[in-house]
Amino acid sequence: MRTSGQLLWRTTGLLSFLSFLLFATGFVLAMNPQQIAPAKTSSPAPSEQTAPLPAQGVQKVVALGDSLTRGAGDANGQGYAGLVRQALEKKLGKPITFSNLAINGQESTDLVKQMSQSQVKTLLSEADLVLFTIGGNDMFRQTGGLYTIDKEKLAAATKELTANYEEIIRQIRAVNKQATIVYTTLYNPFGDTEASVDTIQPVLDWNYTASEIASKYPHVIVVPTYDLFVNKEKSYLYTDHFHPNTAGYQRIAERVIQALE
């Protein structure tokens, strides 16, 4: 028998998901977070809110983050970042310089530290396009098992992630004012499990927060992925039920390319 608390969480999650569908329907707006996040006094001046660098202007790409950018779960070992690289090279008709600095298991605090390295700063300063994922390990390691979520730890982890995420964007902008930055938001790997009750709301909340923060900086694209995996977990997740499989990465890459175009 389900408790009233569980029913409340499911109702809340359903309402949140319906809200997200409206967000996903406005996909073009999601590609340009300056248009969807509430206006804030700290936002850049209108003159800075210029369009992202088009795909044909990309010569150097740097990829940062965790195992999603590394490509864990992809039988071809490419992940979405490698697929984006292939698509750009095909479009341009020539090779591009590609540096994948992502580390399996990395959390946002680790990425902030990594970005202080001189070699990483140099690569970022020369990049035309920066791809990154972060947050999955921050949020989903707050578990007592694969499908057991500790809500208090999750809330604390999300708070730290929020601060680190903005610091990551700030550091990229400190060394490179013009590069297009693409952040790929989180999907919910627990959507078809009992843990969906406790994870739908936090994931949707985080994805909105990521878009809102990105809206304060020029040339930042936030790419939604949540809807790609809803009710399709068996088709697009790897056998570990956490990372995308080859088909899942292909769908993410298609979204990123669509955003760049």
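The values are calculated or read from the model by the stated rules, or taken from the named source; none is laboratory data. Computed from a prediction, not measured in an experiment: that's the story for all the values here. Here Cβ is always computed from backbone atoms with ideal geometry, including for glycine, and neighbour counts include all displayed protein chains. Areas reflect the complete protein model, heavy atoms only, side chains present, ligands, DNA and RNA absent. Shrake-Rupley method; radii C 1.70, N 1.55, O 1.52, S 1.80 Å.
Filter segment 85-105 down to the residues that are within 16 Å of the chain's Cα centre (by Cα) and not polar (S, T, N, Q) and list them by number.
Within segment 85-105, LEU101, ALA102, ILE103, GLY105 meet the criteria.
If I go through segment 229-247 residue by residue, how many of them are open to solvent by 10 Å² or more (accessible area, probe 1.4 Å), of a type outside the set (Asp, Glu) and not in a loop (DSSP other than H, G, I, E, B)?
6
Does any residue in segment 160-177 that is within 15 Å of VAL120 (Cβ to Cβ) come within less than 9 Å, Cβ to Cβ, of a residue that is open to solvent by 50 Å² or more (accessible area, probe 1.4 Å) and assigned to a helix (DSSP H, G or I) six or more places away or on a different chain, and which pairs are these?
GLN171/LYS121; ALA174/LYS121; VAL175/LYS121; VAL175/THR122; VAL175/SER125; ASN176/SER125; ASN176/GLU126
Open to solvent by 10 Å² or more (accessible area, probe 1.4 Å), within 16 Å of the chain's Cα centre (by Cα), in the same structural domain as TYR217 (by the TED database) and at pLDDT 95 or above, is that true of ASN164?
yes
Considering LEU123, LEU111, LEU29, LEU68, which residue is out of contact with any Pro (no Cβ under 9 Å at 6 or more places or on another chain), open to solvent by less than 30 Å² (accessible area, probe 1.4 Å) and either part of a helix (DSSP H, G or I) or modelled with pLDDT under 50 (or both)?
Exactly one residue qualifies, and that residue is LEU111.
If I ask for residues that are open to solvent by 40 Å² or more (accessible area, probe 1.4 Å) and assigned to a helix (DSSP H, G or I), which ones from segment 167-184 would you list?
GLU167, ARG170, ALA174, VAL175, listed by residue number.
Working carefully through the options GLN86, GLN106, find the one that is in the same structural domain as VAL203 (by the TED database) and not in a helix (DSSP H, G or I). Working first, answer last.
Working: GLN86 fails: not in a helix (DSSP H, G or I).
Residue meeting the stated conditions: GLN106.
Does ALA81 satisfy the criteria of being out of contact with any Ser or Thr (no Cβ under 7 Å at 6 or more places or on another chain), part of a helix (DSSP H, G or I) and aliphatic (A, V, I, L, M)?
Answer is no for this residue.
How many residues does segment 178-218 contain that are small (Gly, Ala, Ser), touching a residue at least 60 places away in the same chain (Cβ under 8 Å) and over 17 Å from GLU160 (Cα atoms)?
Result for segment 178-218: 3.
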